[in-house]
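Heads up, the thing below is written out as structure tokens.
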Amino acid sequence: MRRVLIFMAACLAGLWAGFRISQGPAGTPPAATESQQAAAQAYLAQNLAPMPDGWDRDLFLAAPGVTLEVGTAPAAGPAKGTLVFVPGYTAPLDMYGAEFSRLRAAGWNVAAFSYRGQGRSVRRGPDPQMGWMGDMAHLAADLAAYVRTLDGPVGVMAVSKGGHIALRMAIDAGPDVLGYALVAPMVAIRTEPFSPGLAQGLAMALPVIGLADTYAPAQGPWDGADVFDDPAALAEGGTCARDPARAHLREALFTLEPGLRVGGPSARWIAEVFEAQDVLRDRAGDIATPVWMALASDDGSVVTEASEALCRAMGDCVSVEVPDSLHCMIEDRPEIRDAVFDGALAFFEARLAADRP
């Protein structure tokens, strides 16, 4: 029996060490090949809109040692207020020049916010390109601190994980804002190929056995530069958005600037997301500020039904489904982007009118 126990312990130790090595930090991101860089540069030259007139990139000190990338641009005319834009997981602000210009043209000051762990904001994990997060409450507190510095009235437009952070801010801090326009908010993540129960069990177990700071199962460092080896793939959309002129902006930026790269999430990230999802579900009724949600009809990243249920549980929330859309609606076809931005701007206009005496 003793030999059996020793053998089993050795096997478990071997499995632990193998997982730690295979899923551990990847080290310095490899450089893309010259041909990949050239193709990425050509793609951006053809498809990436410049940042808007008056764009000012800066660093915001949200807490001691927490410097976050932010950017602002003034409204094209008299300002109605300020719209804070919070991107989704991995997305750098550089992708959104066209969107920021659109908000400016509609009469809004733009304030863009890149939270911890991506863009040029502070990264605290063991691997700079690993999706890592200590506590969702910290990200919400950072956003609340930034919102308080802005001239009002202030609205918040947030995408995917940014939408989750915005909702958590509404619960924890309750800032005085016009409302929240959320695009495919990350209320609950999809977990395929694992069932939700197995995924949550793994996420909670890995930190307990010392594997919190490894890549989650089936995840790893970013490796998307190979799309620039295949002209046919560039001419098509991706799995998150169908517009070929927008679907590969993130990969192009990551190819050319390795410091921007974010790959798969850590086990700690997944565990924290499951805990944070429970907070949203349990405290949805605490959110009294109006919310508008644009939900994708075919979302492979978040659970649309969970977003709809959360919306019903809130005091003042409307959700709309955008037909024939994938998760990354802001990188999707023009008619889908129009539906999202027209709906969000109409929501904020209505909120302005409701607040006038």
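Of the residues S266, S319, S307, S297, only one is within 16 Å of G88 (Cα to Cα) and of a type in the set (S, T, Y); which? Break it down into steps so the answer makes sense when it comes.
Details: S266 fails: within 16 Å of G88 (Cα to Cα); S319 fails: within 16 Å of G88 (Cα to Cα); S297 fails: within 16 Å of G88 (Cα to Cα).
None of the others qualify; the one that does is S307.
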Residues that are part of a helix (DSSP H, G or I), free of Cβ contacts under 8 Å to residues at least 40 places away in the same chain and of a type outside the set (A, V, I, L, M, F, W, C), drawn from region 31-75:
E34
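Taking region 234-269, which residues are charged (D, E, K, R) and within 20 Å of M130 (Cα to Cα)? Explain how you work it out, then say what you get.
Filtering region 234-269 for residues charged (D, E, K, R) gives 236, 242-243, 246, 250-251, 257, 261, 268.
Hits for region 234-269 are R250, E251, E257, R261, R268.
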Determine, yes or no, whether V122 is within 16 Å of the chain's Cα centre (by Cα) and crowded, with 24+ Cβ neighbours inside 10 Å.
no
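Would you call T214 touching a helix residue (DSSP H, G or I) at 6+ places or on another chain (Cβ under 8 Å), hydroxyl-bearing (S, T, Y) and farther than 30 Å from P244 by Cα? Quick ask: steps written out before the conclusion?
Details: touching a helix residue (DSSP H, G or I) at 6+ places or on another chain (Cβ under 8 Å): yes; hydroxyl-bearing (S, T, Y): yes; farther than 30 Å from P244 by Cα: yes.
Here the answer is yes, as T214 does meet what is asked.
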Screening A294, A288, A306 for residues that are within 16 Å of L182 (Cβ to Cβ) and surrounded by fewer than 15 Cβ atoms within 10 Å (Cβ to Cβ) leaves only A288
Here the residues within region 265-307 that are of a type in the set (V, I, T) and touching a Cys at 6+ places or on another chain (Cβ under 6 Å) are V291
Can you tell me which residue in region 295-306 is farthest from G119 (Cα to Cα), limited to those that are small (G, A, S) and outside any loop (DSSP other than H, G, I, E, B)?
A306
Return the residues of region 126-167 that are touching a Lys or Arg at 6+ places or on another chain (Cβ under 8 Å) and either part of a helix (DSSP H, G or I) or of a type in the set (G, A, S) (or both); say none if nothing qualifies.
G134, M136, A137, H138, L139, A140, D142, G155
In region 310-335, the residues that are touching a residue at least 24 places away in the same chain (Cβ under 8 Å) and in a helix (DSSP H, G or I):
L310, A313, M329, I330, E331, P334
Scan region 97-124 for residues that are assigned to a helix (DSSP H, G or I), out of contact with any Pro (no Cβ under 7 Å at 6 or more places or on another chain) and of a type outside the set (D, E) and report the count.
4
Members of region 211-233 that are modelled with pLDDT under 95, buried (at least 20 other Cβ atoms within 10 Å of the Cβ) and either hydroxyl-bearing (S, T, Y) or within 18 Å of A38 (Cα to Cα) (or both):
T214, Y215
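Here is a check on your reading of the model: is G343 assigned to a loop (DSSP other than H, G, I, E, B), small (G, A, S) and surrounded by fewer than 19 Cβ atoms within 10 Å (Cβ to Cβ)?
Numbers: assigned to a loop (DSSP other than H, G, I, E, B): no; small (G, A, S): yes; surrounded by fewer than 19 Cβ atoms within 10 Å (Cβ to Cβ): yes.
No, not satisfied.
The values are calculated or read from the model by the stated rules, or taken from the named source; none is laboratory data. Quick caveat: nothing in here was measured; it's all calculated off a predicted structure. When we count neighbours, we look across all protein chains shown, and the Cβ atoms used for this are built from the backbone with ideal geometry, even at glycine.
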